[in-house]
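A short worksheet on the structure shown next.
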Amino acid sequence: MNLTKNHKGNGGSRAGRLSLDPVRDWWASAPREVRWIVYLLLVVGALVLPSESIGSFMAPSGSDWPTMLSDQIGIYVLLALGLNVVVGMAGLLDLGYVAFYAVGGYTIGIFATKYGWNFWETLLLAIVLASLSGVILGAPTLRLRGDYLAIVTLGFGEIVKQTAANSDYVNGPRGIQGIPHPPSLSEFEVLGVQPLKYGLLDSRPYYYMLVVFIVLTIIFVKRMENSRVGRAWAAIREDEDAAELMGVPTFRFKLAAFAIGAAIGGSGGVVFAAKQTSINPENFVFLVSALILASVVLGGSGNIPGVILGAFMLAWLPERFRELQDYRMLLFGAALVLMMVFRPEGLWPSRRRKAELEEGTGGMGGMGAEVAAPAAVGADVAGDAAEVKK
């Protein structure tokens, strides 16, 4: 895609906005050693984030900052990275992502309490079952597009929740209690913290576990994005019909996106259930799917740093201003509306996705509001499809 094109209309009206292009240009030309130093500093920053000095101004009075990081922020970031594969990279609108989160939570709930499996065994099983559920959902439905696909995925999320609520095997609306914590791997201590000792009193080990999961997810997703699979997703997102005409097996790659996103969501459900030691159907309501989707769109669909930023803001802001009580959600919603009006591409969009949106070709799932630029899209899709076929 020609990202240096001077867009008119909506694109031209956005020319004076704050741009991250200088940072991207510097990053693109930075030596490998500098990049690794930046990566290391970001990981170190994530590890020191639960400190009391940071929590003193990041958390409201009376709240536990490490608990906020493990129960809300870390989980939201991990789930947003998973949904970004489906929405941001493949362009498929999924409104039932919470279903895969629930599959992970109920997998550890069932197998840990009824069959005595430990955390690590159920984690692997939950990833497999969540991925399989993504395939089961996607196989009969991914030939649908746009609002039809969105309705089907929304229904799937509600089916999972209602099945759990009406099943005596998982105690119905009472849920599952007594889920064991992960087994402690070591009791060594660093600066007063035992990062590998899991229990009820200290939330920091769970946050560190989520950081590891997030880093592994970023590495995996980034490698997928730069591979043949990622180029296929980009071609499908821009114009699925053109991609299929160019020889891209679109159904197979869309199914892969659903399976990968579901697996990441399932892993988040396992960590959540192990931390809380109990789950019930009300933990997996549609609002969770909506907030994770909002995180992806608000941060910058398709751009991993933007998605992380969006998830952090959506998880942190409502908790930070909890003292406003009922008005905090009103202000929160108003802020989202203003963002979509004045910066619809998100806080930190990728160059490619920003250009797609300005051309009218970057919609998620083709909801019918896009006005495509045929010549530009055809050239872009042809290039992506040619790379996929190599």
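So which residues in segment 196-238 are over 30 Å from W65 (Cα atoms), open to solvent by less than 50 Å² (accessible area, probe 1.4 Å) and touching a residue at least 40 places away in the same chain (Cβ under 8 Å), if there are any at all? Residues satisfying the conditions are M224, G230, A232, W233, A234, A235, I236, R237, E238.
Can you pull out every residue in segment 322-355 that is of a type in the set (S, T, Y) and in a helix (DSSP H, G or I)? Hit for segment 322-355 is Y327, nothing else. Note on segment 159-171: residues that are in a helix (DSSP H, G or I), more than 30 Å from L201 (Cβ to Cβ) and not basic (K, R) total 7.
With respect to (1) open to solvent by 60 Å² or more (accessible area, probe 1.4 Å); (2) in contact with a Gly (Cβ under 8 Å, 6 or more places away or on another chain); (3) over 22 Å from N283 (Cα atoms), the lone exception for R143 is condition (2). Restricting segment 259-316 to residues that are surrounded by 23 or more Cβ atoms within 10 Å (Cβ to Cβ) and of a type in the set (S, T, N, Q), the residue that is nearest to F111 (Cα to Cα) is S267.
Residues that are in contact with a helix residue (DSSP H, G or I) (Cβ under 7 Å, 6 or more places away or on another chain) and over 17 Å from L144 (Cα atoms) within segment 224-234 comprise M224, E225, R228, V229, G230, R231, A232, A234, listed in sequence order. For Q177, the conditions (1) of a type outside the set (F, W, Y); (2) more than 30 Å from M89 (Cα to Cα); (3) open to solvent by less than 70 Å² (accessible area, probe 1.4 Å) are fulfilled apart from (3). Pairs meeting the criteria (first residue in segment 174-187 and free of Cβ contacts under 8 Å to residues at least 40 places away in the same chain and within 13 Å of M209 (Cα to Cα), second residue surrounded by 11 or more Cβ atoms within 10 Å (Cβ to Cβ) and hydroxyl-bearing (S, T, Y), beta carbons under 8 Å, at least 6 apart or on different chains) are S184/Y198. May I ask you to verify whether F272 is in contact with a strand residue (DSSP E or B) (Cβ under 8 Å, 6 or more places away or on another chain), in contact (Cβ under 8 Å) with a residue 12 or more places away in the chain and assigned to a helix (DSSP H, G or I)? It is true that F272 is in contact with a strand residue (DSSP E or B) (Cβ under 8 Å, 6 or more places away or on another chain), in contact (Cβ under 8 Å) with a residue 12 or more places away in the chain and assigned to a helix (DSSP H, G or I). One residue stands out among those in segment 104-140 that are polar (S, T, N, Q) and within 18 Å of the chain's Cα centre (by Cα): the one that is least open to solvent (accessible area, probe 1.4 Å), which is S133. When only residues in segment 67-100 that are open to solvent by less than 10 Å² (accessible area, probe 1.4 Å) and hydroxyl-bearing (S, T, Y) count, which is farthest from I214 (Cα to Cα)? Here the residue is Y97. Only one of the listed residues (G109, G82, G104) is part of a helix (DSSP H, G or I), under 11 Å from V296 (Cβ atoms) and in contact (Cβ under 8 Å) with a residue 40 or more places away in the chain. That residue is G82. Scanning segment 172-188 for residues that are within 22 Å of G265 (Cβ to Cβ) and in a loop (DSSP other than H, G, I, E, B) returns G175, I179, P180, H181, P182.
Only one entry in I54, I37 is within 26 Å of L291 (Cα to Cα) and either at pLDDT 90 or above or open to solvent by less than 40 Å² (accessible area, probe 1.4 Å) (or both), namely I54.
A count restricted to segment 296-355 and to residues that are modelled with pLDDT of 80 or more and of a type in the set (D, E) stands at 2.
The values are calculated or read from the model by the stated rules, or taken from the named source; none is laboratory data. Treat the numbers as computed from the prediction; the structure is a model and nothing was measured. Don't worry about glycine lacking a Cβ; one is built from the backbone with ideal geometry, like all the others, and counts go over all protein chains shown. These accessible areas exclude ligands, DNA and RNA; they are computed on the full protein's heavy atoms, side chains included. Shrake-Rupley method; radii C 1.70, N 1.55, O 1.52, S 1.80 Å.
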